[in-house]
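Any read-out appearing in this document is the output of simple, stated calculations on the displayed coordinates, not a laboratory observation. Given the structure is predicted, the values throughout are model-derived calculations rather than measurements. Here the Cβ positions follow ideal geometry from the backbone for every residue, glycine too, while neighbour counts run over all protein chains shown.
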Amino acid sequence: MIAAVLAGGRSRRFGGDKLLVRIDGKPLILHTIERLELARGIDGIVVIPSRENADRIRALGYDVLVDTLMIGPIGGIYTALGLGDAFVVAGDMPLIVPEFVDFIVSKFRKSGKIACVPRWSNGYLEPLHAAYSQEFLPLLWEKIEAGNYAINRAVRESDACYVDIEELPEEWRESFFNVNTRGDVGKLKGRNV
């Protein structure tokens, strides 16, 4: 299974291209990618940037597939699934836990479902740390054509399997940490990023 790293956001809250901000000497997105490379269930990595940042992302040396839809995460996921089944994450998640990725990929494969998405006990989904089948494409396209760009809605209306987060090792939860503001970068200092 490939891992697709979504890199098309505009980083409005951050005030600049956060994915290329250096943390411990390398761009934020490389921390995300390097952790994915440690997951045994991932066979390759592709980055899904916007047209605007495609050249900068391509310069990092990874395969790039440009998201031409530019309608948010649903467009990035749709673009990634054109390559096949994919484990999808946001590029601003530098603390991804490889064992957690492997757990989700394994559960996805065993379930035979269209998606496998972590879910909190309050029902909140983590759709940008999830596995998706290429068979999800028709439903995604239906939502996109109707102007319904909420990936959570598409997941809930599909036959997805869910990973109950509170039943998993607590240390895996850091996998969901994402950088939205410059203050979030400060939270990473002194950590093994």
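Observations on the structure shown:
- Label-point separation in nm, residue 106 to residue 141, each point 7 Å along Cα→Cβ: 3.5
- Percent of beta bridges antiparallel (DSSP, the chain, rounded to nearest 5): 35
- Long-range lysine pairs (8 or more apart or interchain), the chain, Cα under 19 Å: 6
- The phi-based Karplus calculation (6.51 cos²θ - 1.76 cosθ + 1.60; θ = phi - 60°) puts the 3J(HN,Hα) values of the range 40-53 at 5, x, 9, 9, x, 10, 10, 9, 10, x, 7, 4, 4, 10 Hz, whole numbers, x for Gly and Pro.
- Length released on extending from residue 177 to residue 69, taking residue separation times 0.36 nm less the Cα-Cα span: 36.3 nm
- Restricting the trypsin sites (Lys or Arg not before Pro) of the range 11-77 to loop positions (DSSP other than H, G, I, E, B) with no more than 16 neighbouring Cβ atoms within 10 Å leaves 12, 13, 40, 51.
- With at most 16 neighbouring Cβ atoms within 10 Å, loop GluC sites (Glu not before Pro) (DSSP) excluded, longest segment of the chain: 53-156
- Estimated inter-spin distance, residue 150 and residue 167, nm [label 7 Å along Cα→Cβ]: 2.6
- When +1 charges are put on Lys and Arg Cβ atoms and -1 charges on Asp and Glu Cβ atoms, the dipole computed for the range 109-182 relative to its Cα centre reaches about 160 debye.
- Residue 162 long-range amide H proximity, modeled H, under 5 Å: 117
- For the chain, with +1 on Lys and Arg beta carbons and -1 on Asp and Glu, the positive-most of 66, 138, 172 along the dipole: 66
- The stretch between residue 59 and residue 40, if pulled fully straight at 0.36 nm per residue, gains 4.3 nm over its current Cα-Cα span.
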